[in-house]
Amino acid sequence: MSGVREPRLLIYSQDGLGLGHQRRTTLLADEFLAACPGASALTVSDSPLGKFFPSSAGHDYCKLPSVRKAGPGDWRPVSLASSFADVLDVRRAMLRTTVEAFRPDVLLVDHMPHGAMGELVPALEVLLGEPTVVVLGLRDILDAPAVVRERWRLEGAFEAVEQYYDRVLVYGSRDVFDVADEYGWPETAVSKIRYCGYVCAAPPPDVSVSLRSRYLADDRRDRLVLVMAGGGADAYPLFDAVVDAVPRISDAVPCHVVLVTGPFLPPDRRRELVRRARDLPVDVLTTLPDPVSHARAADLVVAMAGYNTTAEILSVGAPALLVPRSGPSAEQQMRASLFAERGWVSWLRPQELSAGTLAAAMTDALHGPRTSASVRPPDLQGRAVGAQLLLERLEAAPDGGLGTLASRGA
């Protein structure tokens, strides 16, 4: 599909009610464009927020009708009154047409090898025999191993990896979570896996002094606590417990809490939190333009255990207390447990969440040391390594385009 034109990266990202997939793919697109000046990157996604994160020149966005995953194998439209089958037909046609018209040199498929309910298969069929490099990108932990093994077997995901993909990028570390071993990958697909490290943005300039002075009356004594949960759609139990815990924490450690609800917390829940926080040292915000800077400035970050939130916390070395969601998947609890085992974070099981347990855990964390020299740091090179792996199987063609050397089974 390559011709005499600029190199092209096409990204498929299914992210109906969250920000995580879009955040990762935006970072990788930016890195790809920086490494390949003059290229174009097009993301096809279904986030109701559209193109939420700012990105580099050369990167644009095409929106699919939004759907959400209610449970394993159970998908529903977010906005349209149409049946899911009808919405799926529309999405399937849009994906195939985009592949045919955009003619990518690289296709990066995020998370689902065959797309939501197999919607990507017709587009992948178009690319068979074409020079497009087809790459699957996975965060390391998807769900409990038994769940993933069963769903991927039933949905034909392993067969899709073997048939359509040149490479699989895992955004994580094998020594933390061995994807092939835990999820039972067939030997013919294991050779395609490359671990990149965790994907996160480059840390911003340190503006901790100015941020702390914005919120704290006495920077030498008071503590700054940042509470965040990505998009926030299922974060109310955490926010509810935080607001109730603040008076207890303040008795032991004077602090100011910046609570960031995210754009998907229901408006009535947000208004309730604002009302309850009115007489407390708590600011309730919907979003922050610089959450990573706030994490760096904070004495403690309390967060759910989504991939991007935890990676960005780790990138600035912020002390963190993770409170993963209870479901529907086991992903966040697995991540919090594995990261805590390595000394990167502390965590509170969602089944134990209450104002009392949270207050105790936050107080302990605020009294603890910021870092430990004995802890082996996480691999945070995923953004640069991932982009490099997207490019390495392409080589400059004499006409200035890009061509690929490998077949699907290589």
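The values are calculated or read from the model by the stated rules, or taken from the named source; none is laboratory data. Everything quoted here is computed from the prediction, not taken from an experiment. Because the Cβ atoms are built from the backbone with ideal geometry, glycine has one as well, and the counts that use them run over all protein chains shown. Keep in mind that these areas ignore ligands, DNA and RNA; they rest on the heavy atoms of the full protein, side chains included. Shrake-Rupley method; radii C 1.70, N 1.55, O 1.52, S 1.80 Å.
Here are the numbers for the structure shown:
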quantity	calculated
Scope the range 333-355; condition out of contact with any strand residue (DSSP E or B) (no Cβ under 8 Å at 6 or more places or on another chain) and without any contact (Cβ under 8 Å) to a residue 12 or more places away in the chain; matching residues	341, 352
In the range 331-387, residue most open to solvent (accessible area, probe 1.4 Å) [restricted to those that are among the β-branched types (Val, Ile, Thr) and part of a loop (DSSP other than H, G, I, E, B)]	371
Residue 328, sole failed condition from (1) under 27 Å from residue 31 (Cα atoms); (2) assigned to a loop (DSSP other than H, G, I, E, B); (3) in contact (Cβ under 8 Å) with a residue 60 or more places away in the chain	(1)
Hits in the range 290-320 (condition: in a loop (DSSP other than H, G, I, E, B) and under 13 Å from the mean Cα position of the chain (by Cα))	304, 305, 306
Filtered residues of the range 244-269 (kept if β-branched (Val, Ile, Thr) and either farther than 30 Å from residue 24 by Cβ or touching a strand residue (DSSP E or B) at 6+ places or on another chain (Cβ under 6 Å) (or both))	246, 249, 253, 257, 258, 260
Residues of the range 121-141 satisfying the condition of being more than 18 Å from residue 156 (Cβ to Cβ) and of a type in the set (Gly, Ala, Ser)	129, 137
Among residues of the range 161-191, those that are part of a helix (DSSP H, G or I), open to solvent by less than 50 Å² (accessible area, probe 1.4 Å) and within 28 Å of residue 325 (Cβ to Cβ), counted	4
The range 317-355: number of residues that are among the aromatic types (Phe, Trp, Tyr) and closer than 17 Å to residue 245 by Cα	1
